[in-house]
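Notes to accompany the following structure.
FYI, it's all coordinate maths here, none of it is from the lab. Please read all numbers here as calculations on a predicted model, not as lab measurements. FYI the Cβ positions are ideal-geometry reconstructions off the backbone, even for glycines, and counts take in every protein chain you see.
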Amino acid sequence: MAGTATHCPYCSLQCGMALAPSSDGPAPVNVSGRDFPTSRGGLCRKGWTAAELLRHPERVTEPLVRDERGALRTATWDEALGRVASEVRRIQAVHGPDAVGVFGGGGLTNEKAYLLGKFARVALATSRIDYNGRFCMSSAAAAGNRAFGIDRGLPFPLTDLDAADAVLLLGSNVAETMPPFVQHLERARAGGGLIVVDPRRSATAQLTDDGAGRHLAPAPHTDLILLLGLAHVVVNDGLLDSHYLAQRTRGLESVILSVAPWWPERVQGATGVPAELIRAAAQRLAKSARTGSCYILTGRGVEQHADGTDTVTAAINLALLLGLPGSARGGYGTLTGQGNGQGGREHGQKADQLPGYRKITDPAARAHVAEVWGVPEASIPGPGLPAVELLRTLGMDDGVRALLVHGANVVVSAPDASTVREGLRRLDFLAVCDFFLSETAREADVVLPVLQWAEEEGTMTNLEGRVLRRRRAVEPPPGARSELWILNRLAELLEAPSSFPTDPQAVFEELRAASSGGPADYSGISYQMLDAGEEAYWPYPQGSRGTPRLFRERFAHDDGRARLVAVRASTGGWASARPRLDEFQLATGRLLEHYQSGAQTRRVSTLNDAQPEPRLQIHPAAAERLRLEDGAWARVTRPGSAVPEVLCRTELSVGIRPDTVFLPFHFPGLAAANQVTEARTDPISGMPEFKTTRVLVQPAMRE
Ligand code: SF4
């Protein structure tokens, strides 16, 4: 292999990349795919073009501070960091430690995520820290913890899917969001065992064409009912794995009762999915579970709901009824989205957690981490607020008055985005670490320019819970700094009572110690072993060989058993709502060409040329009703709401239900899908409702 071995900066598949120096072309390195188990040399077009951003003309390469006229101007690092420290001190002196908040990101390396959590609790003494993974993985994480006592996206190596006879894939469009993933579905697909649940006939749903599986397209927000219906068939037809359930689980009786009312014909009435398809899908899954290999996977489509934890729980219940989790012939997993969505939630960025995926309320965990940090246990704040609630307090009298943002673009990615922007404008002070002037950075009083992926060392944890090395292949611009350096300098200025190393390996060593004994134990992992090519799946206690497959012997609850948890669906819902003719359920999601808020991919010319703006996907019959032609401008609003509208062109598609419209969320301003999504959240996980917002669609004029 020629070049530096590293991984793609974007999604959780963390495809293997080699970076070779280049002196011609727009990027300082040539990117090639390299052999790695999740990607096997494959990359999608986001990965191929990622290096173009390293020398992008819009890159921020010097610190910026807002002057008295309200404009951002360049500044020295001393001035910029001095301003951050003095504002933090001033605001905390008046309003208390929790008046300063920290917002992190699921793309930060493990080292940065760890040090950011420590910085918030030790240097700022604030409980107000959370991160954008709350919008991404929180409901699946809560459901995993509830059922298994631990949450790791895939509790098995991704390559185990290669042998699957059947895969039930709910709410994930992997063919667009992470194309190299699709190769792992090939056996199930070829044997007709791929079952895709999606209200749209997405690129992934199309993999089931020509008898290569089934596409089930439930009405908006009825996926929980569909899952209860599948479980009903498993119970009613005697397809459950009784021995496994007796030996390894608790709660079976309550789940049997909870699925009893959801016979297929009733589920058909609520979801629109034909009863015979529901029966056939359940029987196919059960047959593969019994005689071959079967997996159930969830993605954001079923997770990003205000009852997301219960919906994922229903998927886990189905997997448990079939005897899959922890067996050698299948399992349940959730497909993490962001590059370090897994590691990002393990090391202390979450409002309620300490490193090692420990609960911040657990006295033993607090004592352990306090010792590693060299601070009194009592000085570590308690749990803070989950992301949406934290953002709701911005600029409020008793809320967050100053915010430090690392690796997130909340103006585009948070629900009810215009309210979030208003909150940022109410703040006394906003500092943003980024390498572009993202829509959030544009609102900042101080912008701190940071390194990009190919300019730094560190580790990431991919969707399998596998820890990987990120490696430096390119010199950064002289004015940019790593977040580790920034946190170190700020901690010094704030006279923090602990050390903040700048060397990623030194931070990782501290992370190992802090995570030791926790659910996500990294203590047996080292840079040396990763550099030697050894596999490292957590939990990896010192002296062990790591854990590629979780739950083989026991689940992580004290009694070793998984929990079946009865969940209930509301009846009626959208199908019986008799909406207005111009009323739809809006689902948001991703495009092949763009990643998250688009702050990076919108700046890559080939990606932006291919998808320069969002299109509102709408069924031709619905469009005709509204006199909307393909490409016509449409206005999307929330009924009875004063929130701003979205203006965008339409794209007619027979691949979407007539009662549903779809908008990608990668675009800012009037094209921002999150202008109309609501900040309604799941009471258990804090996950916002991104997938079903009642909207009105009307023709619009645009110059
Ligand atoms: Fe692979 Fe995801 Fe990067 Fe595409 S964006 S190359 S799928 S890691």
request  = Order the peptides 623-634, 515-526 from the highest to the lowest mean number of other Cβ atoms within 10 Å of their residues.
outcome  = 515-526, 623-634
remark   = Given 65-75, 312-322, the highest-first ranking by average Cβ count within 10 Å works out to 312-322, 65-75
ask   = Rounded to the nearest 0.05, what FRET efficiency do Thr291 and Asp162 have when you use their Cβ-Cβ distance and R0 = 22 Å?
value = 0.80
query = In terms of the Cα gyration tensor, with a ≥ b ≥ c the square roots of its eigenvalues, is region 573-699 rounded because a/c is under 1.5, prolate because a/b exceeds b/c, or oblate?
reply = oblate
Three-way shape label, region 369-490, alpha-carbon gyration tensor, a/c 1.5 = oblate
Alpha carbon centroid spacing (whole Å) that separates region 196-230 from region 322-360 = 25
note = With a ≥ b ≥ c from the Cα gyration tensor eigenvalues, square-rooted, and the rule rounded for a/c under 1.5, otherwise prolate when a/b > b/c and oblate otherwise, region 138-335 is rounded
request  = Based on the mean of other Cβ atoms within 10 Å per residue, sort peptides 162-170, 232-240 so the most packed one is first.
outcome  = 162-170, 232-240
query = Relative to the present Cα-Cα distance, how much length would full extension add between Ser379 and Arg680 at 0.36 nm per residue of separation?
reply = 105.1 nm
request  = Looking at the chain, send over the antiparallel percent of its DSSP beta bridges, to the nearest 5.
outcome  = 45
task = Treat every Asp and Glu Cβ in the chain as -1 and every Lys and Arg Cβ as +1, leave all other atoms uncharged, and give the resulting dipole magnitude about the Cα centre to the nearest 20 debye.
result = 1080
key: Relative compactness, the chain, computed as alpha-carbon Rg over 2.2 N^0.38 Å   = 0.91
remark   = Sorting Phe690, Val507, Val446 by the position of each Cα along the dipole of the chain (Lys, Arg +1; Asp, Glu -1; all at Cβ), the one nearest the positive end of that ordering is Phe690
remark   = Placing +1 on each Lys and Arg Cβ and -1 on each Asp and Glu Cβ in region 4-55, then taking the dipole about the Cα centre, the residue among Gly42, Ala18, Pro28 whose Cα reaches farthest towards the positive end is Gly42
ask   = Considering the dipole of region 138-335 built from charges on the beta carbon (Lys and Arg +1, Asp and Glu -1) around the Cα centre, which of Trp262, Pro325, Ile278 is farthest to its positive end?
value = Pro325
remark   = Quick calc, region 573-699, dipole around Cα centre from Cβ unit charges on Lys, Arg (+) and Asp, Glu (-), nearest 20 debye, gives 180
query = What order do you get for Leu550, Leu354 when you list them from fewest to most C-beta neighbours inside 10 Å?
reply = Leu550, Leu354
inquiry  = If I model a spin label at Glu276 and Asp582 as a point 7 Å from the Cα along the Cα→Cβ vector, what separation in nanometres do I get?
reply    = 4.0
query = How large is the helix-only mean residue ellipticity at 222 nm for the chain, computed as the sum of -39500 (n - 2.57) over DSSP H runs with n ≥ 4, divided by its residue count, in deg cm²/dmol to the nearest 500?
reply = -8000 deg cm²/dmol
ask   = Suppose every K and R has +1 on its Cβ and every D and E has -1 on its Cβ; what is the size of the dipole of region 341-460 about the Cα centre, in Debye to the nearest 20?
value = 240
